[in-house]
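**Student:** First the structure, then my questions, so here it is.
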C-alpha cells in the first residue's frame, strides 16, 4: 500500500502520513500503547502481529514522528452477519493516538487503512473489536466507520470494566 497523506485543513495542523509499520517502529508503538492505554502487551506479541499480519499494521507519522498505530490480525470464527459455520475475520487488536494528536482524523485514517488491508490483502469478510463501554469517543469513531454494537462482554478488562464487542461487514 502506498503512503497516504491526509490533513485536517480546517484546523491548519500538520499533515500526517499513514504507512505500514516496520520492525524498527515497535519501540515507539509500544511506548504509545503504554502512554495511552491501560492494556499492554509483551514485546513478542507486537513482533508476532507485525510478522504475521504486517500488511494490516499501520502507523501514523507527523513530521517524521510516530504518533499513532493500529494493530490487526486475522482469525476464523462464527460469522456475525451471515449464515454459515466459519468466516475469515479481521480483529482490530489495538489502536491508539497520542493525546496531542487526537481529533485530527488520524484514528479514522488508521482504521480505514486497516479495514482496507483486512478486506483486500487478507480476504476478511467482517471485522470486530472490543472497546470499553465508557470510551465514548472511540465508540463514536467506530460507529462512524459502520461498526455496530453486537454485545456486552462483562468484566472484559483487568480493572473489571465491561467491553462492547463491535463488528461490521467488509
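The values are calculated or read from the model by the stated rules, or taken from the named source; none is laboratory data. None of these values were measured; they are calculated from a predicted model. With ideal geometry, Cβ positions are generated from the backbone for all residues, glycine too; neighbour counts draw on all protein chains shown.
**Student:** Can you name the residue in the stretch 114-125 that is surrounded by 22 or more Cβ atoms within 10 Å (Cβ to Cβ) and over 9 Å from the mean Cα position of the chain (by Cα) and is also farthest from residue 71 (Cα to Cα) among such residues?
**Tutor:** At the first step, the residues of the stretch 114-125 found to be surrounded by 22 or more Cβ atoms within 10 Å (Cβ to Cβ) are 114-115, 117-118, 124.
Then drop every residue that is not over 9 Å from the mean Cα position of the chain (by Cα), which leaves 117-118, 124.
Values: 117: 12, 118: 11, 124: 15 Å.
Only one residue tops the list, namely 124.
**Student:** Which residues, taken from the stretch 56-68, are assigned to a loop (DSSP other than H, G, I, E, B) and under 15 Å from the mean Cα position of the chain (by Cα)? Explain how you work it out, then say what you get.
**Tutor:** We begin by selecting, within the stretch 56-68, every residue assigned to a loop (DSSP other than H, G, I, E, B); these are 57, 63-64.
The answer is 57, and nothing else.
**Student:** Name the single residue, out of those in the stretch 69-104 being touching a strand residue (DSSP E or B) at 6+ places or on another chain (Cβ under 6 Å) and not in a strand (DSSP E or B), that is nearest to residue 40 (Cα to Cα).
**Tutor:** Top of the filtered list is 98.
**Student:** Scanning the stretch 130-170 for residues that are in contact with a helix residue (DSSP H, G or I) (Cβ under 9 Å, 6 or more places away or on another chain) and part of a helix (DSSP H, G or I), which turns out surrounded by the most Cβ atoms within 10 Å (Cβ to Cβ)?
**Tutor:** The extreme case among them is 142.
For every residue, the table says whether it meets (1) at pLDDT below 95; (2) within 24 Å of residue 28 (Cβ to Cβ); (3) more than 16 Å from the chain's Cα centre (by Cα).
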| residue | (1), (2), (3) |
| --- | --- |
| 73 | no, yes, no |
| 83 | yes, no, yes |
| 109 | no, yes, no |
| 127 | no, no, no |
| 137 | yes, yes, no |
| 146 | no, no, no |
